[in-house]
Amino acid sequence: MASAAAITDETIAPPARASGAGAFLRRHPTVVIGGALLLVIVLASIAAPWLGTVDPISIAPSERLRGPSADHWFGTDRFGRDLYSRVIYGGRVSLIVGLSVAALSTVIGLTIGLVSGFIRGVDAVIMRVMDGMMAIPAIMLAIALIALSKASVIVVIVAVTLPEVPRVVRLVRSIVLTIREQPYIEAATAIGTSLPRIMLRHLLPNALPPLIVQATYICASAVLIEAALSFLGAGTPPEVPSWGNIMAEARPYFQLKPWMVLLPGLFLAVTVLAINLVGDGLRDMLDPRLARKM
Amino acid sequence: MHFFLIRRLLAAVPVIVVVTVFVFALLHLAPGDPAAIIAGDLATAEDVAKIRAKLGLDQPLLVQFFTWVGQLLHGDLGNSIFSAHPVSQLIGQRLEPTLTLTVMTLVISVIVAVPLGVIAAWRVGSWIDRCVMGFAVFGFSVPGFVIGYVLIWLFAIELDWLPVQGYTPLAKGFWPWLSNIILPSVTLALAYMALIARITRAAMLETLSQDYIRTAHAKGLATHSVLMGHALRNAAVPIVTVIGIGVALLIGGVVVTESVFAIPGLGRLTVDAILRRDYPVIQGIILVFSGAYVVVNLVVDMLYTVLDPRIRY
């Protein structure tokens, strides 16, 4: 992957064009729009206690299944819990899972990928294992793991990370395989640079841009999978509100009160859309060559 | 060709071995005592011991593994903890709705997405292209169960054109069957369509910039015959590859979609098994789904030689 060239172009080119926020917006509209949306969602879930919410798990039997009103903007659920508060707090789980999975799978995948790309002896074995893991649909793999442990957010993070790792390994390995043959790596080896140093100084900078893009997509996919798992009853435990389990609990009332299902769904969809837009934008920004392939 | 066939089949063996080992290992990698977790919070020590014996967890690890693999090779996926029925029988009963749903989705997706991708690439940069790309991002981002509920709300509740939920076997008439399967198929197709449209566009852009396309235009061929006969034909390999890889996406989506539309297929079986912590059933379904994925991608590899005669292994 010749992303080194792409980065240089990118860093040299901007001064020649118009600078400033307006120009950046015109050149990378998706990053700006997606980033802005995402920022709003992140800030909202951090600032959840100050956004007119009440305790998302406090039960009020007399206020069950109310429609939207000034007191309860999104109405209440079957236990009288305020849906608006639950939806705002629910964003926390999605974002924590998304970010943790993206970070974890990138670090693990990077390590395995570097080893696989450099040490020929283990490469074949590692890649067969990765092929096998990719043959198991992500949701099914996560379901199997969760079915065997007590429900918690940590278990969800581990279960969603596992199927994402092979995607990173394959990406890193393919980058290593192309860069390994470059003359400058040969030169570095010739002057006696140690393998870890070559990985750190020469490979990592090349691998970083596509990795960041990949991590963004993994984050989006993790948010989706967490929501799907919680929706199926195999995700976040019921006492922690998450968009998926709020929707699951509202299902019996869908025909009469569709907003109970659709509102958390809307938040979920907008969040994933924002992350994907950032990913698409970053991809075009960091590596134009990658952009053509997708 | 035969040599290639055999080599490709052999290459699938390690994948299947890894999947099997992995599914087996899951039961033992999980923290805590799987028997206790499967038994649930209310179980007595006796119940736990019973489940442990039933799953063979009291045997040495290697014995467990080879007993299990031996049964698998005889087509025995074990018995459900909950109902004591053989897992293979439970899966067999639920196969029809799931197959109907996936095949329908596949057909809808390819029929809609490939032309969209072709048009987008042909008119690259135009508003059509932007719409298709926008749709692709949208399709990737909106989860199936959200789309499913929006469609139910719109077409089944507000407009009352189609049934809300459920499944009718084909044997009970064409229209009842079709009307029940339309909404779930469209729901499931959305993400898949996004994927296929995106790759079709990218592959078409690549081929449309080739010299032979210019030649075809120059000698006066009609646009549609250049697009379909020359460009699409040459762009077929990546498109078919993605259709194969996308089957994993489809399988994940099936579980969720069946749950939304109350379709009694493998997805529902999975969800029921999760709630009952019926591990042998979950194991069996994963094996079946992964096997399906491997087979589909095997077929895709075979198709390469048909689609592109230059590919000789």
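In square nanometres and to one decimal, what's the mean projected area of the convex hull around the Cα atoms of chain B? If I average the Cα hull's projected area over directions, I get 21.0 nm².
About its Cα centre, the dipole of the protein assembly as shown is roughly 1300 debye, where the only charges are +1 on Lys and Arg Cβ and -1 on Asp and Glu Cβ. Distance from a point 7 Å along Cα→Cβ of B:D47 to each backbone N in segment B:61-85: keep the residues under 19 Å and list them by number. Inside the label zone: B:80-85.
Between B:D160, B:D41, B:D272, the GNM of chain B built on Cα springs shorter than 10 angstrom shows B:D41 fluctuating the most. Enclosing the Cα atoms of segment A:111-179 in their convex hull gives a volume equal to 85 cubic angstrom per residue.
Rounded to the nearest 0.05, the FRET efficiency derived from the C-beta distance between A:D123 and A:A103 at R0 = 30 Å is 0.75. Scanning chain B for trypsin sites (Lys or Arg not before Pro) lying in DSSP loops with no more than 12 further Cβ atoms inside 10 Å, the longest uninterrupted stretch between such sites is B:1-218. Rounded to the nearest angstrom and listed largest first, the equivalent-ellipsoid semi-axes of segment B:175-232 from its Cα gyration tensor are 36, 15, 5. By the count of neighbouring beta-carbon atoms within 10 Å, fewest first, A:S69, B:S141 end up ordered A:S69, B:S141. How far is the Cα center of segment A:261-276 from the Cα center of segment B:239-310, in Å? About 25 Å separates the Cα centre of segment A:261-276 from the one of segment B:239-310.
Once the Cα-Cα distance is subtracted from the 0.36 nm per residue extended length, the B:E206 to B:E96 segment shows a gain of 35.7 nm.
Which log10 I(q)/I(0) values, to two decimals, does segment B:113-165 give at q = 0.23, 0.25, 0.31 Å⁻¹ under the Debye formula with one point per Cα? Relative scattering, expressed as log10 I(q)/I(0), comes to -0.80, -0.84, -1.02. With N as its number of residues, segment A:161-237 has a Cα radius of gyration that, divided by 2.2 N^0.38 Å, comes to 1.54. Neighbouring Cβ atoms from other chains, within 10 Å of the Cβ of residues in A:155-164, number 1 on average.
Neighbour counts of C-beta atoms inside 10 Å place B:I182, A:I46 in the sequence A:I46, B:I182, starting with the fewest. Which value, in Å to one decimal place, does the Kirkwood hydrodynamic radius take for segment B:246-285 when every pair of different Cα atoms is included? Evaluated on segment B:246-285, it is 10.2 Å.
Given the options B:W161, B:W177, B:W68, which has the most mean-square fluctuation in a GNM of chain B, springs set between C-alpha atoms less than 10 angstrom apart? Residue with maximal mean-square fluctuation among B:W161, B:W177, B:W68: B:W161. Gain on full extension, evaluated as 0.36 nm per residue between B:I111 and B:H74 minus their Cα-Cα distance, stands at 9.4 nm. From least to most packed, judged by other beta carbons within 10 angstrom and beginning with the fewest, A:T111, B:T100 follow the order A:T111, B:T100. GNM on chain B, alpha-carbon springs under 10 angstrom: the most fluctuating residue among B:V237, B:V13, B:V112 is B:V13. Over all pairs of different C-alpha atoms in segment A:188-294, the reciprocal of the mean inverse distance, the Kirkwood hydrodynamic radius, equals 16.7 Å.
Per q in 0.08 Å⁻¹, report the Debye log10 I(q)/I(0) for the protein assembly as shown, using one uniform scatterer on each alpha carbon and no solvent. Results for the protein assembly as shown at q = 0.08 Å⁻¹ read -0.62. The magnitude of the dipole of chain B, with charges of +1 and -1 set on the Cβ of Lys/Arg and Asp/Glu and taken from the Cα centre, is near 1020 debye. Under the simplified labelling scheme, the B:H85-B:L221 pair shows an inter-label distance of 5.4 nm, with each label point 7 Å from Cα along Cα→Cβ.
Note: relative contact order over chain B, using C-alpha pairs below 8 Å and six or more positions apart, is 25 percent.
Were the residues from B:V17 through B:V295 laid out at 0.36 nm apart, the gain over their Cα-Cα distance would be 98.7 nm. For segment A:176-294, averaging the sequence separation of C-alpha pairs within contact (under 8 Å, six or more residues apart) and dividing by the residue count gives a relative contact order of 23 percent. Once the Cβ-Cβ distance of A:Y253 and A:R27 is raised to the sixth power relative to R0 = 35 Å, the FRET efficiency obtained is 0.15.
Segment B:1-85: D in µm²/s via Stokes-Einstein (Kirkwood Rh, Cα pairs, 25 °C, 0.890 mPa s)? It comes out at roughly 163 µm²/s. Computed from the C-beta positions of B:E158 and B:T305, the FRET efficiency with R₀ = 45 Å rounds to 0.35.
Computed from the coordinates by the stated procedures, all read-outs in this text should not be read as laboratory data. This is a predicted model, so every value here is computed, not measured. With ideal geometry, Cβ positions are generated from the backbone for all residues, glycine too; neighbour counts draw on all protein chains shown.
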